[in-house]
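Below is one structure. I have some questions about it.
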Amino acid sequence: MNKCNAVMEEYMNLDKGERIPLGITLHLLACKNCRSQVRLLRRAERSSVPDSCKQTALDDAAILAVMNKISGNKSGKKNPISFSKWIIGGAAMVALFITFSVFEKPGSNHTLTVYTYIELAALITAYCALFIRSNMDFFVKKIKKMPDIAPGSENSLSPKGSED
């Protein structure tokens with residue numbers, strides 16, 4: 001009985017929905033008394049949960065209203081992506097390139113020119129990385145909408161001449 005008390009104590013210390021460790025599972029398979037206690041505990045828990053705490057569908061209107069209230073979105077639509085800041089930033093980088101190339105003197109230091117272009121390339125790389133990172137949801141949705149098979153090609157996944 002001491003082993004059963006230890007197993008039941010360990011079972012009761014588990015969080016709801018947590019995976020039951022192998023040792024407890026093996027003991028419950030072998031011990032009919034502990035198995036019936038666990039079954040009664042689960043039955044008591046199910047019967048004691050009020051109807052207001054029952055699980056509801058995730059597309060329920062009440063859940064959507066709460067989520068919109070949390071996010072501060074009144075219309076129920078997701079915030080559209082604003083590309084205006086990104087376009088302004090890109091235009092500023094292009095203007096920086098043009099300005100540098102116009103004001104660069106032909107006989108100037110070539111090492112300085114190379115380092116400047118390397119810095120501008122790093123700036124463009126960082127710009128692109130930040131753009132993709134901040135708009136990841138947009139790109140993921142676009143990728144999911146893409147067809148799996150290229151248009152015009154018949155089933156390109158199966159080799160020619162193979163029968164399914």
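The values are calculated or read from the model by the stated rules, or taken from the named source; none is laboratory data. None of the values given here were measured: they were computed from a predicted structure. The area values use the complete protein model at the heavy-atom level, side chains included, leaving out ligands, DNA and RNA. Shrake-Rupley method; radii C 1.70, N 1.55, O 1.52, S 1.80 Å.
Working only within region 108-140, note down all residues that are farther than 21 Å from residue 89 by Cα and either open to solvent by 80 Å² or more (accessible area, probe 1.4 Å) or among the hydrophobic types (A, V, I, L, M, F, W, C) (or both).
Passing the criteria: 109, 110, 112, 114, 115, 140.
Keeping to region 1-55, report how many residues are at pLDDT below 85 and part of a loop (DSSP other than H, G, I, E, B).
Selection size over region 1-55: 10.
Examine region 117-134 for a residue that is at pLDDT 75 or above and part of a loop (DSSP other than H, G, I, E, B), and state whether such a residue exists.
No, region 117-134 has no match at all.
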